[in-house]
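The values are calculated or read from the model by the stated rules, or taken from the named source; none is laboratory data. Predicted, not measured: the structure shown is a model, and the values here were computed from it. Cβ placement follows ideal geometry from the backbone for every residue including glycine, while neighbour counts extend to all protein chains displayed.
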Amino acid sequence: MEKIREKYAIVGVGESNRSKNSGVTPLELALEAARVAIADAGLEAKDIDGFMSYSEMDSCSPHQVATYLGVRPKVVKEMFGGGSSTELLIAEAIGLIETGQVNTVLIYRSMNGRSGVRMGGGGFSIDALQNGFDGGSFIIPYGAGSPGQWFGLFATRHMHLNGLTQEHLGHVCTSFYEHAQRNPKAFFYGKPLTMEEYMKTAHLSSPFTKHDYCLESDEANAIIVTSTERAKDCKSVPVKILGMAAREVVSHAHYWKNIDEVAADYVAPQLYKAAGVSPEDIKVASIYDCFSWVVLRQLEAYGLAPKGEVGDFVSAGNLRMDGKLPTNTAGGMLSEGYTHGMNNVLEIVRQVRREYEGTDRQVEDTELAICTGWTGPDVAGAMILCK
Amino acid sequence: MNEETKVIYEKPIPLKNTYNAPYWDAADRHELNVQKCNTCGIYNHPPGPSCANCGSIEVTWENLGSNITGEVYTYIVSHRPFLPGFQNDLPTVIAVVHLEDYPDIKIIANVLNGNAETVSIGTKVKMVWVEATEERSIPQWVFA
């Protein structure tokens, strides 16, 4: 990855309307997001020759999206996957552009995540859950059927060993909800959360309350990736990929086998080596936040806060706008919306572009930004961006 | 429904397959059977077609009997049923337990009758088998 440092860029971002009940198909949401991203880049649909998407049997195909934009693409790619798929698809797009097979790739995630297929909401049959995971029969009969429970097993022990408390989870939630108050498009705009309210909220599945869970939304997000050279033809400010680690995994496909390791631990060294920078250089962050604890664990994994001091780091307000590492500044998946991480990608691109200049939403120092993806404890990817 | 109605087991019953059948067959006999690698010596749980530590196909099964004790390594207390059958059994404690005599084996099950006040990391438990049907039994944990 060192070889392609700053050679590729995100040149367009766009989103559809965000709602709890879109009333339209994921295809229409994807088309809406794609059109916005193409306009944002100052391109035309025919300039896009690669279309990629990830989904969990809840979306539309890239071939459909290209078709209804009136384009016959050279490459389409769809994959089954959740968080961190954006990073993986960006890496695949770079590979295809680098080998001369396409010029410009549109990557999207579209879902009726609330009104349609809900994550952990009974979208899969019990037998499919048992057969679908390595060692599935060893977890499903015990009621462990949702990510909140699976990740909670990791969280309980990690928090126990590292002095992390409910209040530390609360700092993640209240910081992100505070960001959402500056984002009129966030679901929780106008609904701030105080620590007092947070601490009074009951667990759904320990150690998580409803505030520690991400939202569910009907929406699509899209980004456009091309070479920095070609980005000169775009009207947008290109956000360059300084380095990335596409997708690392833990040591066992049954990831409950070793609940002391997470994939982000393996991503971090590759990421910083690729980008040629250190964690201290990072000034703004989008950290995958399907659950509050996942943010704490990644702050540790990516060296953004020292192991054992992550609780102090968030208690000191460092995730807030005036902190050392303003994080998920649109509100994140805890309070803005949920597209398996892509909404966090859109926000970090806008921060690095300095699109919010002159408002209280613009982070002061955006020279180097980190964006992380987390499918689960088992799978992760991340990238470092710059202007 | 009257008092004599037999309680129907509504929770998911483990599906047997090529790799896990010896484990669940033993569970039906109220015994713990664990896959072991003859090459590197580790216990390979959950079981698979070969060893997850060294890749050897020389895997076999070791019966550890019915007197199984361990300590809670981590756990969660779920207050909502995320799968069918758990709605009458809340809160549900789901625990990863490492076995006292075989610390490299960790087994996930519920701590029956446990709750947020009574279960913590280090809680000592022992294995019992809950008869789900006439043929099938499910290993579970109770306080030791």
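Criterion applied to B:LYS11, B:LYS36 was being surrounded by 15 or more Cβ atoms within 10 Å (Cβ to Cβ) and assigned to a loop (DSSP other than H, G, I, E, B), and the one residue passing it is B:LYS11.
The criterion of at least 2 residues that are away from chain B (no Cβ under 14 Å) and aromatic (Phe, Trp, Tyr) is met, among helices (runs of 4 or more DSSP H) falling completely within segment A:182-277, by A:264-275. Being closer than 27 Å to A:VAL249 by Cβ and touching a His at 6+ places or on another chain (Cβ under 6 Å) is a description that does not apply to A:VAL105.
Taken over segment A:103-121, the criterion of being in a loop (DSSP other than H, G, I, E, B) and modelled with pLDDT of 95 or more is satisfied by A:ASN103 alone. Would you confirm, using the coordinates I've provided, whether B:PRO91 is touching a residue at least 40 places away in the same chain (Cβ under 8 Å) and either assigned by TED's automatic domain parsing to the domain that holds B:GLN35 or under 19 Å from the mean Cα position of the chain (by Cα) (or both)? No.
Identify all residues within segment A:281-290 that are surrounded by fewer than 20 Cβ atoms within 10 Å (Cβ to Cβ) and either without any contact (Cβ under 8 Å) to a residue 12 or more places away in the chain or in a loop (DSSP other than H, G, I, E, B) (or both); write none if there are none. Within segment A:281-290, just A:LYS283 meets the criteria.
Taking each residue of segment B:62-80 that is more than 10 Å from chain A (Cβ to nearest Cβ) and looking for partners that are among the hydroxyl-bearing types (Ser, Thr, Tyr) with beta-carbon atoms closer than 8 Å, six or more apart or interchain, yields B:GLU62/B:TYR43; B:LEU64/B:TYR102; B:GLU71/B:THR123.
Going by the conditions given, is A:LEU304 in a loop (DSSP other than H, G, I, E, B) and modelled with pLDDT of 95 or more? Considered against the rule, which asks whether it is in a loop (DSSP other than H, G, I, E, B) and modelled with pLDDT of 95 or more, A:LEU304 comes out as yes.
Can A:ARG320 be described as in contact (Cβ under 8 Å) with a residue 60 or more places away in the chain and surrounded by fewer than 19 Cβ atoms within 10 Å (Cβ to Cβ)?
Taking the combined requirement at face value, the residue does not satisfy it.
For A:LEU164, the test of being at the interface with another protein chain (Cβ under 9 Å from one of its Cβ atoms), crowded, with 20+ Cβ neighbours inside 10 Å and among the aliphatic types (A, V, I, L, M) is failed.
Looking at B:ASP25, is it at pLDDT 95 or above and either more than 28 Å from A:ILE126 (Cβ to Cβ) or surrounded by fewer than 20 Cβ atoms within 10 Å (Cβ to Cβ) (or both)? When the stated conditions are applied, B:ASP25 passes them. Criterion applied to A:THR156, A:THR99, A:THR86 was being hydroxyl-bearing (Ser, Thr, Tyr) and within 14 Å of chain B (Cβ to nearest Cβ), and the one residue passing it is A:THR156.
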